[in-house]
1. I'm trying to understand the selection: among the residues of segment 102-139, which are of a type in the set (S, T, Y) and either at positive phi or open to solvent by 20 Å² or more (accessible area, probe 1.4 Å) (or both)?
2. Among the residues of segment 30-40, how many are at pLDDT 90 or above and more than 12 Å from C127 (Cα to Cα)?
3. I'd like the full set of residues that are open to solvent by 50 Å² or more (accessible area, probe 1.4 Å) and hydrophobic (A, V, I, L, M, F, W, C), limited to segment 159-173.
4. For V198, indicate whether it is modelled with pLDDT under 80, among the aliphatic types (A, V, I, L, M), in a helix (DSSP H, G or I) and open to solvent by 20 Å² or more (accessible area, probe 1.4 Å).
5. Report every pair of residues separated by at least 6 positions or lying on different chains whose Cβ atoms are under 7 Å apart, first residue within segment 56-85 and among the β-branched types (V, I, T), second assigned to a helix (DSSP H, G or I).
6. Cβ-Cβ under 6 Å, sequence separation 6+ or interchain: first residue in segment 33-51 and assigned by the TED database to the domain that holds G79, partner of a type in the set (S, T, N, Q). Which pairs?
7. Take the conditions outside any helix (DSSP H, G or I) and under 16 Å from the mean Cα position of the chain (by Cα) and apply them to P167. Does it pass?
8. Does K149 fit the bill of being modelled with pLDDT of 75 or more, open to solvent by 20 Å² or more (accessible area, probe 1.4 Å) and part of a helix (DSSP H, G or I)?
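The values are calculated or read from the model by the stated rules, or taken from the named source; none is laboratory data. This one's a predicted model, so the numbers in the text were calculated from it and none came from an experiment. Cβ coordinates were reconstructed from backbone atoms using ideal geometry, including for glycine residues, and neighbour counts include every protein chain displayed. Ligands, DNA and RNA are stripped out before the accessible areas are found, and what is left, the full protein with its side chains, is counted by its heavy atoms. Shrake-Rupley method; radii C 1.70, N 1.55, O 1.52, S 1.80 Å.
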Amino acid sequence: MEKKPPDDTGPVHVPLGHIVANEKWRGSQLAQEMQGKIKLIFEDGLTPDFYLSNRCCVLYVTEADLVAGNGYRKRLVRGRNSGNLQGIVVVEKTRMSEQYFPALQKFTVLDLGMVLLPVASQMEASCLVIQLVQEQTKEPSKNPLLRKKRALLLSEPSLLRTVQQIPGVGKVKAPLLLQKFPSIQQLSNASIRELEQVVGQAVAKQIHAFFTQPR
């Protein structure tokens, strides 16, 4: 198989329902949890960890990466600069890595202007990545029953816990947000005006600041 030049642009086209994964994830718990639910293809020499369709990529920061220091920063910068990709950073926020999380959050959200999604484990991360892939494969529907069903499917515990970790949200507001914005991508792209209809102005500003780079 012909090797791609190391130009950091990644795969030219990723079909809907597929993920192109960095070879280093082969055999990991994260990859095993995804297999059978979506189609996974492994490639060498990728900067981001996972490429999705719609020119979206995921950079994964493990607990070990956080504890080891700031070495992950160079990879995040390269990922952000990889062509015209939308970069999403997923990080393992555990008891061991929690003290290092604020520095990562500041660097990712404020300095790089990227979306940051904390997870508790690789199993939770796999649910999140699968959710992102499934969201891209769905066609818009005007059927309110389908919309309702989709909102219910998205209120699974792993996604709820992720949204609960956004400042000001918590256990009460997270389900309300997911009913209105039934995917992480929709929530991250929502305006303050749209958010304040669900959670009020103060929390809406916190959520918007969490996902976007302030000017």
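1. Step one: of segment 102-139, the residues of a type in the set (S, T, Y) are 108, 121, 126, 137.
Those that are of a type in the set (S, T, Y) and either at positive phi or open to solvent by 20 Å² or more (accessible area, probe 1.4 Å) (or both): S121, T137.
2. Counting residues in segment 30-40 that are at pLDDT 90 or above and more than 12 Å from C127 (Cα to Cα) gives 0.
3. Residue satisfying the conditions is V172 alone.
4. Numbers: modelled with pLDDT under 80: no; among the aliphatic types (A, V, I, L, M): yes; in a helix (DSSP H, G or I): yes; open to solvent by 20 Å² or more (accessible area, probe 1.4 Å): yes.
No: the conditions fail for V198.
5. As it stands, the answer is V58/V129; V61/Y72; V61/L104; V67/Y100, since those pairs meet every condition given.
6. E33/S126; M34/S126; L46/N22; T47/S82; D49/N22
7. Working: outside any helix (DSSP H, G or I): yes; under 16 Å from the mean Cα position of the chain (by Cα): no.
Considered against the rule, which asks whether it is outside any helix (DSSP H, G or I) and under 16 Å from the mean Cα position of the chain (by Cα), P167 comes out as no.
8. Values: modelled with pLDDT of 75 or more: no; open to solvent by 20 Å² or more (accessible area, probe 1.4 Å): yes; part of a helix (DSSP H, G or I): yes.
It is false that K149 is modelled with pLDDT of 75 or more, open to solvent by 20 Å² or more (accessible area, probe 1.4 Å) and part of a helix (DSSP H, G or I).
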